[in-house]
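Scroll down for the structure; my scribbles are underneath it.
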Amino acid sequence: MKSGASEGKDLNAIYKETYATLKPKFGDWVIFDHCTPFDVTRAHDEATQYPDPRIWTAQRDKEMWETLEG
């Protein structure tokens, strides 16, 4: 995560790379597809400008999904 952020990659690119790396080993876990977007988003926050957790809001949820699915 830190290497991707330091290379200037955005959340979408980092998510796609992380997902592809983890899917073969953890993709059969029931909650993998549900939790991974939130986990990667939080790790991206830590690697960039938000060292402390931010409050999760409906707006933030919408923005995350637009970023990851866009």
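The numbers here are math on the coordinates, done by the rules we state, and not lab data. Just so it is clear, the structure is predicted and the values come from calculations on it, not from any experiment. Glycine gets a Cβ as well: all are built from the backbone with ideal geometry, and neighbour counts include every protein chain shown.
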* Asked: Residues LYS16, LYS2: which one is of a type in the set (D, E, K, R) and in contact with a Leu (Cβ under 9 Å, 6 or more places away or on another chain)?
  -> LYS16
* Asked: Looking only at the stretch 1-37, which residues are of a type in the set (Phe, Trp, Tyr), in a helix (DSSP H, G or I) and without any contact (Cβ under 8 Å) to a residue 12 or more places away in the chain?
  -> PHE26, PHE32
* With ASP33, ASP28 as the choices, which residue is under 13 Å from the mean Cα position of the chain (by Cα) and loosely packed, with under 14 Cβ neighbours inside 10 Å? -> ASP33
